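The values are calculated or read from the model by the stated rules, or taken from the named source; none is laboratory data. The model shown is predicted, which means the values in this text are computed figures rather than measured ones. Neighbour counts are summed over all protein chains in view; Cβ atoms, including those assigned to glycine, are modelled from backbone coordinates with ideal geometry. For accessibility, only protein heavy atoms count, side chains too; no ligands or nucleic acids. Shrake-Rupley method; radii C 1.70, N 1.55, O 1.52, S 1.80 Å.
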Amino acid sequence: MSEVKPSENRSRREFMKTSTGLALSGGLLSSFGAASAVHAAGSDVLKVGLVGCGGRGTGAASQALRADPNVKLVAVADAFDDRLNQCVTILSGQKDLKDKVDVADDHKFVGFDCYQKLIDSGVDVVLLASPPHFRPAQIAAAVEKGIHIFAEKPIAVDVPGSLSVLASCEKAKEKKLNVVSGLCWRYHPAIREAMQRVHAGDIGDVVAMRCSYFTGGLWNHGRKEGWSDVEWQMRNWLYFTWLSGDHLSEQAIHSVDKMAWAVGDKAPIAASATGGRQTRTDAAYGHIYDHFAVEYEYDDGVRGFGRCRQQAGCYPDVSDTIYGTKGLCHIQSDKARIEGEKPWSSDKLGGDMYQLEHNALFAAIRKGEPINNGAYMVNSTLMTILGREAAYTGKRITWEDLLKSETKLGPSEYAWTDLPVAPVAMPGVKA
């Protein structure tokens, strides 16, 4: 991967080793220390702010507002005012939410610094759903201010950003703040039960894992006259690695996360991969790949095989299989089953995982029993970065070398200006 430099400070590998003591090994909630004094058991209004007012952000806000009887959306922030106003209109137009939307004009923040203005505006909870590139700075600012966090996945697009989030989550633990991840499968009752059974040994020792995230194409906003390079890229953020991390990170992280969950969220030792840009070749789609296949290696011989693609008109498949010495666990969408010596099926376990993660967040705030998903959301993000860089370079990359990377993706300063699109990564050529 590009420009790997040794760190002059504490080694990143050692930092990850100690910090991942936060890992939940498949559990849903994690409590730290004494109860938080902030909204510990009261019925007072929890003031919610939303950063990133696109489709996912609007959805997250609707779920947050339905998660607790006494919450209000009081502030919104986005790089673009049209997205911001559309979001408020959609939310206030829903009958069960209109009384929970109270966003004054002076609490609508626009621009690159919008997140900081929102965080400084007096909210109790912030929902972070803007492009992943901006997530590390937003999480750091929220923790510094003492605000509870819901953070969409992934939490960064590069190694420095990922480690910044890990450090912020350590501070959040000290402050007894909640950090809930948008890796929503962790909150689905059926998948949670399946993983508990895997960890209990119902399929024996895990020997291999396979995940598949095959989908069609996604949205694209054609470039309009007057848009700068930066505006065009941000409005089409999916297609630029500096903003999204590529679709292995932005979308297929859900499947990679389930593989990580199955082995207790320990890091792999290395990865090799392939990928490319086969059908989505027009410049409108930036420079990301449209398919990946990654093999993750673990120190005990376990292998994880992940594949993903975003290609229209192709066979869809979002499924996962965990292979053990005494059986297998198969996950298909929101259903799971175990075959082998201890057969089991999740037929009676349902629920909206997107809503459940917000229910858990607001219940934890009310109870003063913080959730901190920091370790696993960082580990899974780094796994996708490892796979992406292995595919981009055509090299086998070790976890140890990955953590030495000091490469930061994106511009050094933000402005509505020119920003040339990086060439499509060519394996064997990209350093």
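Does A75 satisfy the criteria of being under 26 Å from H254 (Cβ atoms), at pLDDT 95 or above and hydrophobic (A, V, I, L, M, F, W, C)?
It is false that A75 is under 26 Å from H254 (Cβ atoms), at pLDDT 95 or above and hydrophobic (A, V, I, L, M, F, W, C).
Scan segment 91-103 and give yes if some residue there is modelled with pLDDT under 95, part of a helix (DSSP H, G or I) and open to solvent by 30 Å² or more (accessible area, probe 1.4 Å), otherwise no.
Yes, some residue in segment 91-103 is modelled with pLDDT under 95, part of a helix (DSSP H, G or I) and open to solvent by 30 Å² or more (accessible area, probe 1.4 Å).
Quick one: count up the residues across segment 231-290 that are open to solvent by 20 Å² or more (accessible area, probe 1.4 Å) and among the aromatic types (F, W, Y).
Qualifying residue count, segment 231-290: 4.
Quick one: K72 ticks every box in (1) free of Cβ contacts under 8 Å to residues at least 40 places away in the same chain; (2) under 22 Å from the mean Cα position of the chain (by Cα); (3) not in a helix (DSSP H, G or I) except a single one, so which number is it?
Evaluating K72 over (1) free of Cβ contacts under 8 Å to residues at least 40 places away in the same chain; (2) under 22 Å from the mean Cα position of the chain (by Cα); (3) not in a helix (DSSP H, G or I) leaves (2) as the failure.
Can I139 be described as closer than 17 Å to A156 by Cα, surrounded by 16 or more Cβ atoms within 10 Å (Cβ to Cβ) and β-branched (V, I, T)?
Numbers: closer than 17 Å to A156 by Cα: yes; surrounded by 16 or more Cβ atoms within 10 Å (Cβ to Cβ): yes; β-branched (V, I, T): yes.
Against the criterion (closer than 17 Å to A156 by Cα, surrounded by 16 or more Cβ atoms within 10 Å (Cβ to Cβ) and β-branched (V, I, T)), I139 qualifies.
Does segment 47-69 contain at least one residue that is on the phi > 0 side of the Ramachandran plot and open to solvent by less than 20 Å² (accessible area, probe 1.4 Å)?
The answer is yes, given that some residue of segment 47-69 is on the phi > 0 side of the Ramachandran plot and open to solvent by less than 20 Å² (accessible area, probe 1.4 Å).
Give me a count of the residues in segment 392-431 that are open to solvent by less than 10 Å² (accessible area, probe 1.4 Å) and within 24 Å of E152 (Cα to Cα).
3
Name the single residue that is most open to solvent (accessible area, probe 1.4 Å) among those in segment 182-196 being within 19 Å of the chain's Cα centre (by Cα) and more than 19 Å from V123 (Cβ to Cβ).
Top of the filtered list is R192.
If you go through segment 114-136 one residue at a time, how many are open to solvent by less than 20 Å² (accessible area, probe 1.4 Å) and free of Cβ contacts under 8 Å to residues at least 40 places away in the same chain?
Final tally of qualifying residues: 2.
Go through (1) closer than 16 Å to I203 by Cβ; (2) part of a loop (DSSP other than H, G, I, E, B); (3) acidic (D, E) one by one and return the number of the condition D320 breaks.
Only one criterion is unmet by D320, namely (2).
Given the criteria out of contact with any Gly (no Cβ under 8 Å at 6 or more places or on another chain), surrounded by fewer than 19 Cβ atoms within 10 Å (Cβ to Cβ), at positive phi and free of Cβ contacts under 8 Å to residues at least 24 places away in the same chain, does S345 qualify?
Taking the combined requirement at face value, the residue does not satisfy it.
Could you please let me know if G313 is within 24 Å of the chain's Cα centre (by Cα), touching a residue at least 60 places away in the same chain (Cβ under 8 Å) and part of a loop (DSSP other than H, G, I, E, B)?
So G313 fails the test.
Which residues, taken from segment 394-422, are closer than 15 Å to W242 by Cβ, assigned to a loop (DSSP other than H, G, I, E, B) and touching an Asp or Glu at 6+ places or on another chain (Cβ under 9 Å)?
T407, K408, L409, G410, Y414, T417, D418, L419, P420, V421 - these are the residues of segment 394-422 that are closer than 15 Å to W242 by Cβ, assigned to a loop (DSSP other than H, G, I, E, B) and touching an Asp or Glu at 6+ places or on another chain (Cβ under 9 Å).
Do we find a residue being basic (K, R), at pLDDT 95 or above, part of a strand (DSSP E or B) and closer than 18 Å to Y213 by Cα anywhere in segment 288-304?
yes
Which pairs do you get when a residue that is without any contact (Cβ under 8 Å) to a residue 40 or more places away in the chain, found in segment 231-252, comes within reach of a residue that is in a helix (DSSP H, G or I) and crowded, with 23+ Cβ neighbours inside 10 Å, reach meaning Cβ atoms under 8 angstrom, with the pair 6+ apart or on two chains?
Pairs that qualify, where the first residue is without any contact (Cβ under 8 Å) to a residue 40 or more places away in the chain and the partner is in a helix (DSSP H, G or I) and crowded, with 23+ Cβ neighbours inside 10 Å: there are none.
Do you know which of the residues in segment 332-355 that are at pLDDT 95 or above and in a strand (DSSP E or B) is farthest from E193 (Cα to Cα)?
Top of the filtered list is G340.
Consider F362 against the criteria (1) over 30 Å from E297 (Cβ atoms); (2) in contact with a Gly (Cβ under 9 Å, 6 or more places away or on another chain); (3) surrounded by 24 or more Cβ atoms within 10 Å (Cβ to Cβ): it satisfies all of them except one. Which criterion is unmet?
Here F362 meets the rest and fails (2).
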